[in-house]
Amino acid sequence: MLVSSTLVELFNAALGVFKETYSGTHPAAWQYVNTMWMPHKERFVACYIDKFPHFGNANTLRVEGNHHVIKSYLRVGTFHLLTLTKRLGLMLADQLVELNATIEKQRVHKTHRFGHSYFKDLIYKVSDFTLDKLLQQLKHIEKGGHEEKPCSARFTKSWGLPCHHYIRGCLETETPILLQDIHEQWLLDKNPLILLSVNVIAPPHESTSPRSLFMQTMTTTL
């Protein structure tokens, strides 16, 4: 695929095949892709964006998911502005409580699949998601045989985690993966949300008028 090309050479080759396949049979589609998307290829093609830390946020799926969550809290689109602000505040407060509960659980609970000795310095200190990503790299080594391609550092640059080349070195030297090799994005005690102190004001009744709600908000603020 074009967008998942890991090397510029592979991308150019895939683009050539794409052009040869569709420029004749679907000229309008090819013209659209070539003029509207290709000038911005550095913003979405893997061989370009993996040079920078994006932590897996390489598309709009999470934005679309959050949009669905917002709509589930709003339910209807005819609220006045103050009620809208109140409901969005409740949504963020609920998400913060849920996130902090998950973080605290992972700081005290050890999952069996992460019992590998090479993870001993990371248990209770990084998220389960992080350990799963490292476990994938470890399994890649187990299935990869003896041949090893040179390290491109794409995984480490984009995810902020040790790649299977680094982990292979840990296996050979029988040393654990160090916490300093993990980007602070994945550290449980570095998550900025857990440091926030949120004062959630009890929401007024739905029948409260916009003027009364405004005055309550101003009184609380002042």
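The values are calculated or read from the model by the stated rules, or taken from the named source; none is laboratory data. These figures come from a predicted structure and were not determined experimentally. Every residue, glycine among them, receives a Cβ derived from its backbone with ideal geometry; neighbour counts consider all protein chains shown.
Of note:
- Only residues that are surrounded by fewer than 14 Cβ atoms within 10 Å (Cβ to Cβ) and closer than 20 Å to THR156 by Cβ were counted in region 57-73, giving 1.
- Sole residue being aliphatic (A, V, I, L, M), on the phi < 0 side of the Ramachandran plot, modelled with pLDDT of 90 or more and loosely packed, with under 14 Cβ neighbours inside 10 Å, chosen from LEU179, LEU193, LEU161: LEU179
- Qualifying residue in region 42-64 (condition: in a helix (DSSP H, G or I), among the small types (Gly, Ala, Ser) and without any contact (Cβ under 8 Å) to a residue 12 or more places away in the chain): no
- Enumeration of residues in region 74-90 that are surrounded by fewer than 16 Cβ atoms within 10 Å (Cβ to Cβ) and of a type in the set (A, V, I, L, M): LEU74, VAL76, LEU81, LEU84, LEU88, LEU90
- Every residue from region 133-159 that is in a helix (DSSP H, G or I) and out of contact with any Lys or Arg (no Cβ under 8 Å at 6 or more places or on another chain): LYS133, LEU134, GLN136, GLN137, LEU138, LYS139, HIS140, GLU142, LYS143, PHE155, THR156
- For HIS54: the one exception among (1) farther than 19 Å from SER158 by Cα; (2) surrounded by 13 or more Cβ atoms within 10 Å (Cβ to Cβ); (3) within 27 Å of the chain's Cα centre (by Cα): (1)
- Residue in region 102-116 that is assigned to a helix (DSSP H, G or I), more than 30 Å from CYS170 (Cα to Cα), without any contact (Cβ under 8 Å) to a residue 12 or more places away in the chain and not β-branched (Val, Ile, Thr) present: no
- Selected residue (only one of LEU10, LEU61, LEU2 is at pLDDT 90 or above and either in the same structural domain as GLU184 (by TED's automatic domain parsing) or under 30 Å from THR130 (Cα atoms) (or both)): LEU10
- Boolean, PHE18 is among the hydrophobic types (A, V, I, L, M, F, W, C), modelled with pLDDT under 95 and in a helix (DSSP H, G or I): yes
- Exactly one residue among LYS120, LYS105, LYS86, LYS71 is modelled with pLDDT of 85 or more, charged (D, E, K, R) and not assigned by TED's automatic domain parsing to the domain that holds LEU178, and that residue is LYS71.
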